[in-house]
1. Could you tell me whether B:Ala90 is buried (at least 21 other Cβ atoms within 10 Å of the Cβ) and either part of a strand (DSSP E or B) or not β-branched (Val, Ile, Thr) (or both)?
2. Which residues, taken from the range B:36-56, are crowded, with 19+ Cβ neighbours inside 10 Å and touching a Phe, Trp or Tyr at 6+ places or on another chain (Cβ under 8 Å)?
3. Within the set of pairs 6+ apart or on separate chains, which have a first residue in the range A:111-131 that is assigned to a loop (DSSP other than H, G, I, E, B), a second that is among the aliphatic types (A, V, I, L, M) and at pLDDT 95 or above, and C-beta atoms under 9 Å apart?
4. Looking at the range B:113-122 only, could you name the residues that are more than 12 Å from chain A (Cβ to nearest Cβ) and outside any loop (DSSP other than H, G, I, E, B)?
5. Among residues belonging to the range A:132-167 that are closer than 19 Å to A:Ile94 by Cα and β-branched (Val, Ile, Thr), point out the one that is surrounded by the most Cβ atoms within 10 Å (Cβ to Cβ).
6. Determine, yes or no, whether B:Gly125 is within 17 Å of the chain's Cα centre (by Cα), part of a strand (DSSP E or B), more than 12 Å from chain A (Cβ to nearest Cβ) and not aromatic (Phe, Trp, Tyr).
7. Collect the residues in the range B:131-147 that are more than 9 Å from every other protein chain (Cβ to nearest Cβ) and either in contact (Cβ under 8 Å) with a residue 60 or more places away in the chain or closer than 20 Å to A:Pro41 by Cβ (or both), keeping them in residue-number order.
8. Say we look at the range A:205-260 and pick out the residues that are loosely packed, with under 14 Cβ neighbours inside 10 Å and among the acidic types (Asp, Glu); which of these is nearest to A:Tyr42 (Cα to Cα)?
Amino acid sequence: MPSEQKLGSAIVDTVFANMVSSQNESSLLSSEGDSQRTQYPYVTGTSVIGIKYKDGILMAADMGGSYGSTIRYKSVERLKQVGKHSLIGASGEISDFQEILRYLDELILHDSMWDDGNSLGPKEVHNYLTRVLYNRRNKFDPLWNSLVLGGVKNGQKYLGSVSMIGVHFEDDHVATGFGNHLARPILREEWREDLTFEEGVKLLEKCMRNLLYRDRSAVNKLQIAKITEEGLTISQPYSLKTFWNFAAFKNPTVGAEGSW
Amino acid sequence: MDRDATADVNAPHSMGTTIIGVTYNGGVILGADSRTSTGLYVANRASDKITQLTDNVYICRSGSAADSQIVSDYVRYFLHQHTIQLGQPATVKVAANLVRLLSYNNKNMLQTGIIVGGWDKYEGGKIYGIPLGGTILEQPFAIGGSGSSYLYGFFDQAWKEGMTKDEAEQLVVKAVSLAIARDGASGGVVRTVTINSEGVTRNFYPGDQLPLWHEEVEAHNSLLDILNASSPEPMST
């Protein structure tokens with residue numbers, strides 16, 4: 001009888017799996033459950049954009065937490081302060097970002113416990129994150145995030161990004177995910193060294209609006225953060241107006257019935 | 001054909017489920033359906049998915065029945081020790097974080113979504129959602145389980161800040177009932193647990209007392225009752 005055979009093999013499978021798992025650590029033959037291996041993300045955040053401007057760094061991210069194709073959470077804060085001088089923005093798996101924030105908290109705490117008057121700057125934090133992400137990737141157990149790290153220390157502005165496999169960049173403007181494809185081309189054309197705060201915000205909003213139109217996981221509720229030598233501010237959540245009032249939108253199939 | 005009838009009784013027990021947690025002006029209300037399925041068979045039609053962790057913290061369990069039970073057992077054990085060491089009731093936040101730790105650190109092996117709800121003297125009523133993967137999010141209300149797909153629009157429209165206890169209770173019962181109507185993996189009775197400064201109250205709404213929705217009809221004992229209730233010769237030509 002089929003059901004009896006299935007029961008029998010189920011017992012054998014369980015015993016085998018237990019034997020393998022008791023050998024601990026990852027052997028090439030271990031099944032998925034025994035050791036942490038490459039996972040898949042569950043609750044994810046989409047693009048983060050960061051730019052340097054005259055007085056420091058500006059960063060933008062929306063507040064969406066997607067669960068596959070469902071927009072499950074709409075108030076997730078993806079921009080956070082790190083120590084005195086840095087700002088982190090995260091896309092990817094939110095639980096891994098929450099864990100990264102705990103690691104950073106410990107890093108800053110230990111740095112402060114030295115009590116030597118020095119404090120970690122954005123360049124150091126970026127390097128720390130790169131090492132953490134790269135080493136996890138080498139163990140086939142990544143933190144499934146792409147991060148943007150920006151800040152100002154002793155007048156020096158710094159802006160970098162790092163991906164889940166440890167690829168890291170330092171630039172005048174960076175983005176994660178869809179932002180790379182939709183925002184950076186805009187930034188390449190319109191970014192300047194001497195952007196004022198107002199110009200920077202308008203530029204970021206232009207990019208975020210574009211992402212809202214074209215990124216399925218984007219959500220119309222965002223925050224913009226600013227970090228300068230003086231300190232850090234993260235804006236209250238707000239929404240952008242969108243524009244749909246085009247003749248071609250109202251009558252898309254004029255002259256070509258049946259098309260879209 | 002024989003295989004269809006018996007279904008796969010060896011399939012993992014999963015709680016299709018609809019679970020809800022809602023804050024109101026004084027505490028929280030947790031709600032859930034009562035169906036546990038093994039493949040297509042309903043293994044338990046009256047399960048209790050709202051599980052106690054401490055006097056003041058309860059959780060709603062969804063996903064794998066085994067995984068959610070073991071997580072709740074561990075967290076109950078840890079909270080018991082924590083309460084002894086602390087000398088006072090554990091806070092909802094601490095309970096939620098313990099659930100998060102287990103869910104996050106075993107994310108490859110667990111398949112359970114949990115809603116933690118309770119009341120403590122520091123923060124009052126709080127709800128924490130902990131979906132697959134171990135993300136933790138404090139929310140004014142949370143929904144989970146397969147039945148929750150049908151409730152996103154409903155809550156977008158019906159949720160209001162600062163409801164009374166009765167309004168919140170009615171909202172939860174209505175929502176679970178709507179999800180049961182459309183989700184094959186949810187069913188049975190609606191259970192609610194209310195937690196506030198005064199303590200904990202359990203409520204039970206049997207399946208036959210829930211409101212009727214679209215295309216659902218009144219229940220009867222028999223056709224004969226219907227026939228006898230109307231005119232003497234209803235079936236004459």
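The values are calculated or read from the model by the stated rules, or taken from the named source; none is laboratory data. No experiment lies behind these values; they were computed from the predicted model shown. Using ideal geometry, Cβ is built from the backbone for each residue, glycine included, and neighbour counts are taken over all protein chains shown.
1. Numbers: buried (at least 21 other Cβ atoms within 10 Å of the Cβ): yes; either part of a strand (DSSP E or B) or not β-branched (Val, Ile, Thr) (or both): yes.
For B:Ala90, the condition - buried (at least 21 other Cβ atoms within 10 Å of the Cβ) and either part of a strand (DSSP E or B) or not β-branched (Val, Ile, Thr) (or both) - is met.
2. Within the range B:36-56, B:Ile50, B:Thr51, B:Asn56 meet the criteria.
3. From residues that are assigned to a loop (DSSP other than H, G, I, E, B), the pairs are A:Ser119/A:Ile108; A:Leu120/A:Val82; A:Leu120/A:Leu107; A:Leu120/A:Ile108; A:Gly121/A:Val152.
4. Narrowing the range B:113-122 to residues more than 12 Å from chain A (Cβ to nearest Cβ): B:114-122.
Result: B:Ile114, B:Ile115, B:Val116, B:Gly117, B:Gly118, B:Trp119, B:Asp120.
5. That would be A:Val148.
6. On the way: within 17 Å of the chain's Cα centre (by Cα): no; part of a strand (DSSP E or B): yes; more than 12 Å from chain A (Cβ to nearest Cβ): yes; not aromatic (Phe, Trp, Tyr): yes.
Here the answer is no, as B:Gly125 does not meet what is asked.
7. B:Pro140, B:Phe141, B:Ala142, B:Ile143, B:Gly144, B:Gly145, B:Ser146, B:Gly147
8. Across the range A:205-260, the extreme among qualifying residues is A:Glu230.
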